[in-house]
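Peer 1: Take a look at this one; I'll ask things after.
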Amino acid sequence: MIKIISVVGARPNFMKIAPFIHAINRYNAINEDRIEHILVHTGQHYDDRMSKTFFESLNIPDADINLGIGSGTHAEQVGNTMIAFEQVLLEEMPDWVVVLGDVNATLACSVTAKKLKIKVCHIEAGLRSMDMDMPEEINRLVTDRLSDLLLTPDKMAVDNLVKEGVQAKNIEFVGNIMIDTLEEHREQASKIKIEDIIRENKINDTEYQDALKKEFAVVTLHRPSNVDNEKVFVALVNFLLNEVTTQMEIAWAVHPRAEKQLKAFGLWNKLISNKRTVLLHPLAYHDMLRLNMGAKLMLTDSGGLQEECTVLGTPCLTMRWNTERPVTLKEHGGLSVLVGNNIDRIRKEFEVVYNTQTQPVFPELWDGKTAERCLNAILRFEM
Ligand code: UD1
């Protein structure tokens, strides 16, 4: 028997854990349930639209344990998670703790496990933005420093780890687990009607019979560096409303953090009343995938969407100054361009991508079979 506890906390974890759990189930079906798996949700994301919807649509079983951490400062989230997770580990004493990505749960649970001498596996290891102002960069660095098994989505991530002194026997290049989920659900998503997505998710009361029938851009923003600074956020919204909408409509899936700030900066009513902008609640997985498939371009500060755009062939203006996912950038053969939040730069690149035809790009091992490789790496691992 081998006992594994996997941890999820926030939305981007859910599309990564789904294929891993399915791989465990397939393994158990032919190996007499050799793996005991316990799923822990820290509860960092708790709204149905940020959490429950993903469990249902991606066939993730309910978490065995929910730590109920909720919102708070970083220290509150990390500290409360550590205290609660330590109790779980003391009771369960698993062989492995598997953490994913770079959210606060990833950091908190890897530290807690390591202090109890439990092996840690990090899925999506080795990504580096080199930007220590990003909370996620701190989470990635600490988690990778402590992990016993580091599973990377691309070879550049392997190089980062080697440079930091991680031994080769602890690293395995497995590919991008999120693409497993995309490939599994691509067909189902393609059948969704965009008018249904609008009807079920629109924030305002506007009638949108003809919306998003022609060219449209998808917008998502949630990074503190974009939405917490009034000057930056006002300029971005003005650019979207005054310039992008003259060329195409906008579908904006509004993250709770962005909604709060749009209201605080007096931008909310302006957006709500703009006839060329469809404001949507945070979208379910398939709905976002469907919009991405139909979009002329993506404007986002999300790392995950940057990756999904790459394999869907959607040009992506990444509203950040750096990325931990360089494999998705044009200079490395991908479809994304870093535009930061400088309006001149965004305008220039907007014109370029608007006038360019793009095709899907598949980085090495982004083949839908990463979860299997992750599980095999754990089962093979020897200290
Ligand atoms: C977190 C992750 C980030 C990831 C993002 C995706 C960290 C450090 N950050 O950022 O890497 O890209 O998730 O969404 O872990 N809120 C709700 N409902 C919820 C959850 C949050 O309304 O279900 C609101 C709360 O007001 C909260 C705010 O959103 O204060 C921000 O949530 P938080 O979990 O702190 O960080 P995210 O910005 O979502």
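Peer 1: Against the condition in contact (Cβ under 8 Å) with a residue 12 or more places away in the chain, in a loop (DSSP other than H, G, I, E, B) and either within 21 Å of Arg347 (Cα to Cα) or open to solvent by less than 10 Å² (accessible area, probe 1.4 Å) (or both), how does Asn292 come out, does it pass?
Peer 2: So Asn292 does not fit the description; no.
Peer 1: For residues in the range 217-235 being among the β-branched types (Val, Ile, Thr) and within 14 Å of the ligand (Cβ to nearest atom), which is nearest to Leu289 (Cα to Cα)? So that I can check it myself, show each step before the final result.
Peer 2: First pass over the range 217-235, keeping only residues among the β-branched types (Val, Ile, Thr): 218-220, 227, 232, 234.
Those left that are additionally within 14 Å of the ligand (Cβ to nearest atom): 220, 227.
Working: Thr220: 13, Val227: 23 Å.
Among them, the one singled out is Thr220.
Peer 1: Would you confirm, using the coordinates I've provided, whether Pro256 is within 11 Å of the ligand (Cβ to nearest atom) and in contact with a Lys or Arg (Cβ under 7 Å, 6 or more places away or on another chain)?
Peer 2: no
Peer 1: Mind checking which pairs have a first residue in the range 58-79 that is under 24 Å from Met288 (Cα atoms) and modelled with pLDDT of 95 or more and a second that is surrounded by 13 or more Cβ atoms within 10 Å (Cβ to Cβ) and among the polar types (S, T, N, Q), Cβ under 7 Å, 6 or more apart or different chains?
Peer 2: Within 7 Å, the pairs are Leu58/Thr181.
Peer 1: Being away from the ligand (no atom under 16 Å from the Cβ) and open to solvent by 40 Å² or more (accessible area, probe 1.4 Å) is the filter; apply it to the range 37-73 and report the residue that is farthest from Glu200 (Cα to Cα).
Peer 2: Looking at residues that are away from the ligand (no atom under 16 Å from the Cβ) and open to solvent by 40 Å² or more (accessible area, probe 1.4 Å), I get His37.
Peer 1: Another one. Asn238 - would you say it is within 16 Å of the ligand (Cβ to nearest atom) and either among the β-branched types (Val, Ile, Thr) or farther than 20 Å from Ile198 by Cβ (or both)? Spell out the reasoning first.
Peer 2: On the way: within 16 Å of the ligand (Cβ to nearest atom): no; either among the β-branched types (Val, Ile, Thr) or farther than 20 Å from Ile198 by Cβ (or both): yes.
No.
Peer 1: Still on this structure: For the range 340-379: of the residues being among the basic types (Lys, Arg) and within 14 Å of Ile24 (Cα to Cα), which is most open to solvent (accessible area, probe 1.4 Å)? Before the answer, list the steps.
Peer 2: The initial filter retains those residues of the range 340-379 that are among the basic types (Lys, Arg), namely 345, 347-348, 369, 373.
Among the residues that remain, those that are also within 14 Å of Ile24 (Cα to Cα) are: 369, 373.
Values: Lys369: 126, Arg373: 57 Å².
It comes out as Lys369.
Peer 1: Here is a follow-up. Search the range 295-309 for residues that are outside any helix (DSSP H, G or I) and pair each with any residue that is away from the ligand (no atom under 16 Å from the Cβ) and among the small types (Gly, Ala, Ser) when their beta-carbon atoms are under 8 Å apart and the residues are at least 6 apart or on different chains.
Peer 2: Ala295/Ala217; Ala295/Ala251; Lys296/Ala217; Leu297/Ala217; Met298/Ala217; Leu299/Ala217
Peer 1: Would you pick out the residues in the range 10-20 that are more than 15 Å from the ligand (Cβ to nearest atom) and either over 19 Å from Arg380 (Cβ atoms) or without any contact (Cβ under 8 Å) to a residue 24 or more places away in the chain (or both)? Spell out how you get there, then give the answer.
Peer 2: Of all residues in the range 10-20, those more than 15 Å from the ligand (Cβ to nearest atom) come to 18-20.
Ala18 - this is the single residue of the range 10-20 that is more than 15 Å from the ligand (Cβ to nearest atom) and either over 19 Å from Arg380 (Cβ atoms) or without any contact (Cβ under 8 Å) to a residue 24 or more places away in the chain (or both).
Peer 1: A further question follows. Does Leu305 fit the bill of being buried (at least 18 other Cβ atoms within 10 Å of the Cβ) and more than 15 Å from the chain's Cα centre (by Cα)? Can you show your working first?
Peer 2: Working: buried (at least 18 other Cβ atoms within 10 Å of the Cβ): yes; more than 15 Å from the chain's Cα centre (by Cα): no.
Spelling it out, it is not the case that Leu305 is buried (at least 18 other Cβ atoms within 10 Å of the Cβ) and more than 15 Å from the chain's Cα centre (by Cα).
Peer 1: So Ala29 ticks every box in (1) hydrophobic (A, V, I, L, M, F, W, C); (2) more than 14 Å from the ligand (Cβ to nearest atom); (3) closer than 20 Å to His122 by Cβ; (4) open to solvent by 10 Å² or more (accessible area, probe 1.4 Å) but one. Which box is left unticked?
Peer 2: So Ala29 meets the others, but not (3).
Peer 1: With the checklist (1) at pLDDT 95 or above; (2) touching a Ser or Thr at 6+ places or on another chain (Cβ under 8 Å); (3) surrounded by fewer than 21 Cβ atoms within 10 Å (Cβ to Cβ) in hand, flag the one item Glu259 doesn't pass.
Peer 2: Single failed check for Glu259: (2).
Condition check ((1) farther than 28 Å from Gly333 by Cα; (2) in a loop (DSSP other than H, G, I, E, B)) across all residues:
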residue: Val111; (1), (2): yes, no
residue: Lys114; (1), (2): yes, no
residue: Val120; (1), (2): yes, no
residue: Arg128; (1), (2): no, yes
residue: Met132; (1), (2): no, yes
residue: Ile138; (1), (2): no, no
residue: Asp144; (1), (2): no, no
residue: Leu151; (1), (2): no, no
residue: Ala157; (1), (2): no, no
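Peer 1: Examine the range 206-214 for a residue that is in a helix (DSSP H, G or I) and not β-branched (Val, Ile, Thr), and state whether such a residue exists.
Peer 2: Step one: of the range 206-214, the residues in a helix (DSSP H, G or I) are none.
Checked against the condition, which is being in a helix (DSSP H, G or I) and not β-branched (Val, Ile, Thr), the range 206-214 yields no hits at all.
Peer 1: Would you check if there is a residue in the range 146-154 being touching a residue at least 24 places away in the same chain (Cβ under 8 Å), surrounded by fewer than 24 Cβ atoms within 10 Å (Cβ to Cβ) and farther than 27 Å from Pro224 by Cβ?
Peer 2: Checked the range 146-154: at least one residue is touching a residue at least 24 places away in the same chain (Cβ under 8 Å), surrounded by fewer than 24 Cβ atoms within 10 Å (Cβ to Cβ) and farther than 27 Å from Pro224 by Cβ.
The values are calculated or read from the model by the stated rules, or taken from the named source; none is laboratory data. Given the structure is predicted, the values throughout are model-derived calculations rather than measurements. Glycine also receives a Cβ, built like all others from the backbone with ideal geometry; neighbour counts cover every protein chain displayed. Remember, those area values only see protein heavy atoms, side chains included, never the ligands or the DNA or RNA. Shrake-Rupley method; radii C 1.70, N 1.55, O 1.52, S 1.80 Å.
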